[in-house]
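Quick notes on the structure that follows.
The values are calculated or read from the model by the stated rules, or taken from the named source; none is laboratory data. As the structure is a prediction and not an experimental result, all values here were calculated from the model. Please note: Cβ atoms are built from the backbone with ideal geometry, for glycine as well, and neighbour counts cover all protein chains shown. The protein model used for the area step is the full one, side chains on, heavy atoms only, and it has no ligands, DNA or RNA in it. Shrake-Rupley method; radii C 1.70, N 1.55, O 1.52, S 1.80 Å.
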Amino acid sequence: CRERRKRAGGDQQGDAMFRLGRAAICLRTFSAKCLNSAGNFSRRSMTTGKKKEILLQVHEEANCGIAEIQFNRPHAKNSLGKVFVDELYETLDILRYNEKVRVVIIKSHVKGVFCAGADLKERAQMTNSQAVHFVQRLRNLMDGVASLPMPTIAAIEGYALGGGLELALACDLRVAVSSAKMGLIETTRGLFPGAGGSQRLPRCIGVGRAKELIFTGRQIDGQEAYSIGLVNHVVPQNEKGDAAYQRALALAEETVPRAPIAVKMSKVAINRGTEVDIASGMAIEGICYTLVSCPNLGAPAF
C-alpha cells in the first residue's frame, strides 16, 4: 500500500511539474508578446490585439524633440471611449518622463475630425454611478494633458466638440483651420461640460463669452474661434488636409531650440500664477526664476 501511495504521489508530483512547466512556457510566450520593442510592458496588449486608438510618434533628426499624439478611432470620429481614454492615459505616462521630448503636438490621424467628444453609445450602457466615475476619469485625463511638463499644441483640422474641445483647451496652444467646428455642445444633449470645459473656457476667452457658448451650445468655426481668443492661430485648409498640423509643427520647431528648463518653468509660472493673486504669482515666478538660474537646487512640488 505504501508503495502504491508512493508511486501515486510521484505520479501526481510529476503531473504537477509538467503542468507547471507548460504554464512557464505559456507565461514566457505571453510576456514576449506583451513586451514592446523598447522593452516596456504594454498593458494594452494584454486586453486585445485590435488596432491602437492612440498613436505616438517621436520625431528624430531634423525635428528631434517633437512628439505627436495622434487620435486613431475613425469609426467613432475619435470619440472618447474607454479604450481611447485608457490608451491616452498610457501615452501621457510615457511622455511625462521623457526628457528628450520638448514639445508635444496633439492631432487627429482621421481626416476631418479632431475629436467628436464623449462616446454617447458607450455612455448609454453605463449606470449613473459608472457615468459619474467615467466623467471624473475624463476630468483627470484633461488635467493630465494640462500638467505635461513640456508645451502642448492642439492641431484642429475638423470637429472639436464637447470633450474634444475640452481636450484642446487642456493644451497650451491651439491651431485650427478656418473651416473647423468647435463648441461645448453638452447643453444641447441634456448634459454638462464636466471634463474641465466650464473652468478652462472662461479662463481662455472670458466669463461672458464662455457663458454664451456653453448656455447656447453653439458651434463656431476656426475664424470666429481666433477672433475671440479660443485658438492662437487660424489657417486656411490645404489640399492635403493638414494645414493646422503644419502650422503647429512650425510652432514646435520654433520652440524646440529654446532652453528646455526655461520653457518648462515658464509654463509652471504662467499656469500656477494665473490661479492665485498677483503677490502669490510673483512668489511663484521668483521660485521658477531661481530654478532656471540654479537648476541644481531641485524643483519644489507646486
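What is the one condition in (1) over 23 Å from the mean Cα position of the chain (by Cα); (2) touching a residue at least 12 places away in the same chain (Cβ under 8 Å); (3) surrounded by fewer than 18 Cβ atoms within 10 Å (Cβ to Cβ) that L213 does not satisfy?
With (1) over 23 Å from the mean Cα position of the chain (by Cα); (2) touching a residue at least 12 places away in the same chain (Cβ under 8 Å); (3) surrounded by fewer than 18 Cβ atoms within 10 Å (Cβ to Cβ) applied to L213, the lone miss is (3).
Yes or no, residue by residue, for (1) open to solvent by 40 Å² or more (accessible area, probe 1.4 Å); (2) of a type in the set (G, A, S):
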position	(1), (2)
T127	yes, no
V132	yes, no
V145	no, no
G163	no, yes
A170	no, yes
R189	yes, no
R209	yes, no
I220	no, no
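With (1) touching a residue at least 60 places away in the same chain (Cβ under 8 Å); (2) over 21 Å from N271 (Cβ atoms) as the list, and A146 as the residue in question, which single condition is left unmet?
Every condition holds for A146 apart from (2).
Quick one: would you say L120 is hydrophobic (A, V, I, L, M, F, W, C) and open to solvent by less than 70 Å² (accessible area, probe 1.4 Å)?
For L120, the condition - hydrophobic (A, V, I, L, M, F, W, C) and open to solvent by less than 70 Å² (accessible area, probe 1.4 Å) - is not met.
So which residues in the range 226-253 are part of a helix (DSSP H, G or I), within 22 Å of the chain's Cα centre (by Cα) and of a type outside the set (K, R), if there are any at all?
A243, A244, Y245, Q246, A248, L249, A250, L251, A252, E253
Residue-by-condition table, conditions (1) outside any helix (DSSP H, G or I); (2) modelled with pLDDT of 95 or more; (3) more than 19 Å from P202 (Cα to Cα):
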{"position": "K107", "(1), (2), (3)": "yes, yes, yes"}
{"position": "R123", "(1), (2), (3)": "no, no, yes"}
{"position": "M126", "(1), (2), (3)": "yes, no, yes"}
{"position": "S129", "(1), (2), (3)": "no, no, yes"}
{"position": "Q136", "(1), (2), (3)": "no, no, yes"}
{"position": "L141", "(1), (2), (3)": "no, yes, yes"}
{"position": "A155", "(1), (2), (3)": "yes, yes, yes"}
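How about the range 164-178: which of its residues are part of a helix (DSSP H, G or I) and small (G, A, S)?
Once the filter is applied, which keeps residues that are part of a helix (DSSP H, G or I) and small (G, A, S), the range 164-178 yields G164, A168.
Among what's in the range 232-280 and is basic (K, R) and buried (at least 18 other Cβ atoms within 10 Å of the Cβ), pick the residue that is nearest to A176 (Cα to Cα).
If we take residues in the range 232-280 being basic (K, R) and buried (at least 18 other Cβ atoms within 10 Å of the Cβ), then R247 is nearest to A176 (Cα to Cα).
I'd like the full set of residues that are part of a helix (DSSP H, G or I), open to solvent by 10 Å² or more (accessible area, probe 1.4 Å) and under 24 Å from D242 (Cβ atoms), limited to the range 64-90.
Residues satisfying the conditions are P74, H75, A76.
Which pairs have Cβ atoms under 8 Å, sit 6 or more apart or on different chains, and link a residue in the range 117-142 that is within 14 Å of K82 (Cβ to Cβ) and without any contact (Cβ under 8 Å) to a residue 12 or more places away in the chain to one that is assigned to a helix (DSSP H, G or I) and open to solvent by 30 Å² or more (accessible area, probe 1.4 Å)?
Once the first residue is within 14 Å of K82 (Cβ to Cβ) and without any contact (Cβ under 8 Å) to a residue 12 or more places away in the chain and sits in the range 117-142, its partners that are assigned to a helix (DSSP H, G or I) and open to solvent by 30 Å² or more (accessible area, probe 1.4 Å) give A131/R123.
In the list A176, A155, which residue meets the criterion of being touching a residue at least 60 places away in the same chain (Cβ under 8 Å) and touching a His at 6+ places or on another chain (Cβ under 9 Å)?
The unique qualifying residue is A176.
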